[in-house]
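Below is one structure, written out as structure tokens, with a few remarks after it.
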Amino acid sequence: MNWITPTDRSSARSYGQGALPTSLRGLERLLIPRAPGIFRHRAMSSKIEDANAADEKQQIIPENARIVEAANTKLALALATGPHLSPFSTRSIQLYLILLVAFMGSMANGFDGSVMSAVNGMDQYLAYFHISGTDSGGGVGSTTAIIFGIYSIGSIVSVPVAGPVADRFGRRGGMFLGSLIIVIGSLSVTTAKNISALLGGRFVLGLGVGIVQTACPSYVVEMAPPQWRGRLTGLFNTFYYAGSILCTGIAIGTGSIQSTRSWRAPLAIQLVGAGILLIFSLLLPESPRWLLSVGRKEEALHILARYHGNDDPNSPLVQLEWAEFEESIKLDASDKRWWDYSGLVKTPNARYRTFLMLLMAFFGQWSGNGLGYYLTILFGNAGVQSQHARLVLNFVNTLVSAAGALIGTSLTDKVGRRKMWFWGTLGSAGMLAVVTGCTAKWGKSGSNPAGANSAIAFIFLFGFVYSLAYTPLQALYPAEVLDYNTRAKGMAMYALGVSCASFVNAYAGPIALQRIGWKYYIVYVAWDLFECVVIWFCVVETRGRTLEELNEIFEDPHPVQASLRKDRVAVVEEAGGIHAVPMAKEDSV
């Protein structure tokens, strides 16, 4: 191998004092244990116990070196030096199909979020249940608030059950139970003869979705290989729009039917996603992390090697993850005690993780998307009087939002979670500000159709920007920041936070829109700007690390700064093996 100094070749690069080239195993000796399962790199100015290194003034970089920049050297080297896991291999495709079943949990949630928006804009539905709002573009007032809000109450009630079920019976068990309850709730709302039956069905729906939304994201984030975790877990929440598009599209076709089938048919579609999840959930492989936590090591390693190492248990990535599993997953942790939630607040590390999880729960619901339940009313405020036109616009908005979600999902592993969250929130505030101005000046008066159309266009743009940032992150980020031993119960608490925030949206929304109309949008604009400040100063970056390696970030006195530091490594492949030169850390923003 031809090693050169920067003075030998102009293409070579120098990075100050540091270690001489080492093998991959030698690189491990540069990692100093900080606590079990936590490692920190030595500062590059540290004394190197090598006689030759004492004479070196510059770090020597080989001319054929490949520079790897990553949040975590160990993961970067495992990915760079191990067998390449092709996204189109047989095992990868099998993994996609497995995760597709789990995605049905998000699809079921998407049905409710959009079908009720569409149904609430149908005069047939409003007349059947004697709900006011036929002159407002959709149901408003306290009755509508209760119908929407009872769903969130059901999700809140699920919290004491959702986490323990996923910990005791596995992620598959949680998916099965939750989907079964959703099927029961869907049948109830579809066949409802009165308000009481409708409310009961929506309560049961919320209960089932709360359990599913705890088990499914935990399963996806634990099954996904670390290099694809952002995209695959982000895609989970993007499937919200698969249900949403299906429901809003069907609502356009049934909206002209002058019978209860106009609104019962869209409600019945909620059975699709939950039914698929119910049938196939117990046929899926269990999360290897859960298997290890209950002492089933051989099964855990087999599944990990199968889907992360292409059946090779000696893959550097599999070996790295397995070692971290064994160090961080405890057989006697609080997840084994159904009543014990202390792991979420016991240490500063845990409290910071819980804080970020709750931040996403509330910010994800209070950034303006709560208006989505009442889109037909927003379109009415913008001057659209035709029921059919409002339903079509609702469908188009769903398509635009889905496009934003897909683009955002593709960016999560490239741009990073922190940047997407900050800029998405700031962009959402800007879009809502324009909607507010246009609606205020040219709304229902109809004095300027072009101005009203501008309001509608920016409603679409808000949906695009919000979905680009929040839809991938809502399932991904909370599941990432929670460690394994608190993940299921933490996701149940996340569902509680989402449900509480959604209840405020659902109950306050129709009343506020009835009383102050478009002025209600101003509340969201101001709140979004506040969110941007909190995100900038408090949110850590999780991209580029295994789930277990995030311990290093949360144990640091300054987690945000620690999460932005990057490792740089020069990797050289030759006949004798793989060599690497660790370089100094750099900060990123």
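Among the candidates Thr347, Thr248, Thr260, which residue alone is surrounded by 22 or more Cβ atoms within 10 Å (Cβ to Cβ) and in the same structural domain as Asn120 (by TED's automatic domain parsing)? Steps first, please.
Working: Thr347 fails: surrounded by 22 or more Cβ atoms within 10 Å (Cβ to Cβ); Thr260 fails: surrounded by 22 or more Cβ atoms within 10 Å (Cβ to Cβ).
When all the criteria are applied, what remains is Thr248.
To keep it simple, each residue is scored yes or no on (1) at pLDDT 90 or above; (2) touching a Lys or Arg at 6+ places or on another chain (Cβ under 9 Å); (3) polar (S, T, N, Q); (4) within 30 Å of Ile329 (Cα to Cα).
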residue	(1), (2), (3), (4)
Ala492	no, no, no, yes
Ser502	no, no, yes, no
Arg515	no, no, no, no
Val539	yes, yes, no, yes
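Restricting Thr144, Thr190 to those that are over 24 Å from the mean Cα position of the chain (by Cα) and over 25 Å from Phe362 (Cβ atoms) reduces the list to Thr190.
Between Gly210, Gly185, the distinction of being farther than 19 Å from Gln474 by Cα and not aromatic (Phe, Trp, Tyr) belongs to Gly185 only. Scanning the stretch 172-204 for residues that are over 24 Å from Leu100 (Cα atoms) and either of a type in the set (Ser, Thr, Tyr) or touching a Leu at 6+ places or on another chain (Cβ under 7 Å) (or both) turns up Ser188, Val189, Thr190, Thr191, Ala192, Ser196. Is there a residue in the stretch 281-297 that is crowded, with 20+ Cβ neighbours inside 10 Å, of a type in the set (Asp, Glu) and at pLDDT below 95? So far as the stretch 281-297 goes, no, none of its residues is crowded, with 20+ Cβ neighbours inside 10 Å, of a type in the set (Asp, Glu) and at pLDDT below 95.
Of the residues in the stretch 509-524, none is closer than 21 Å to Gly208 by Cα and either of a type in the set (A, V, I, L, M) or assigned to a helix (DSSP H, G or I) (or both).
Pick from the stretch 308-318 the residues that are free of Cβ contacts under 8 Å to residues at least 40 places away in the same chain and surrounded by fewer than 20 Cβ atoms within 10 Å (Cβ to Cβ): which of them is nearest to Ile98 (Cα to Cα)? Here the answer is Pro313. Looking at Glu548, Glu552, just one residue is at pLDDT 85 or above, crowded, with 19+ Cβ neighbours inside 10 Å and of a type in the set (D, E, K, R), and that residue is Glu552.
Under the condition of being β-branched (Val, Ile, Thr) and at pLDDT below 95, which residue from the stretch 420-444 is farthest from Val525 (Cα to Cα)? Steps first, please.
From the stretch 420-444, those β-branched (Val, Ile, Thr) are 425, 434-436, 439; that's our starting set.
Those left that are additionally at pLDDT below 95: 434-436, 439.
Details: Val434: 10, Val435: 10, Thr436: 9, Thr439: 14 Å.
Checked the stretch 420-444; the qualifying residue farthest from Val525 (Cα to Cα) is Thr439.
For the subset of the stretch 362-382 comprising residues that are among the aromatic types (Phe, Trp, Tyr), at pLDDT 75 or above and not in a loop (DSSP other than H, G, I, E, B), which member is nearest to Phe503 (Cα to Cα)? Across the stretch 362-382, the extreme among qualifying residues is Phe362.
Mind counting the residues in the stretch 83-100 that are crowded, with 16+ Cβ neighbours inside 10 Å and in a loop (DSSP other than H, G, I, E, B)? The qualifying residues number 1. Is it the case that some residue within the stretch 322-329 is surrounded by fewer than 19 Cβ atoms within 10 Å (Cβ to Cβ), in contact (Cβ under 8 Å) with a residue 24 or more places away in the chain and out of contact with any His (no Cβ under 8 Å at 6 or more places or on another chain)? Checked against the condition, which is being surrounded by fewer than 19 Cβ atoms within 10 Å (Cβ to Cβ), in contact (Cβ under 8 Å) with a residue 24 or more places away in the chain and out of contact with any His (no Cβ under 8 Å at 6 or more places or on another chain), the stretch 322-329 yields at least one hit. Exactly one residue among Ala305, Ala192 is without any contact (Cβ under 8 Å) to a residue 24 or more places away in the chain and in a helix (DSSP H, G or I), and that residue is Ala305.
Here the stretch 382-412 is the region considered, the condition is being more than 20 Å from Tyr241 (Cβ to Cβ) and either touching a Pro at 6+ places or on another chain (Cβ under 8 Å) or of a type outside the set (Ser, Thr, Tyr) (or both), and the residue that is surrounded by the most Cβ atoms within 10 Å (Cβ to Cβ) is Ala382.
The values are calculated or read from the model by the stated rules, or taken from the named source; none is laboratory data. None of the values given here were measured: they were computed from a predicted structure. Note that each Cβ is placed from the backbone with ideal geometry, even for glycine, and that neighbours are counted across all protein chains shown.
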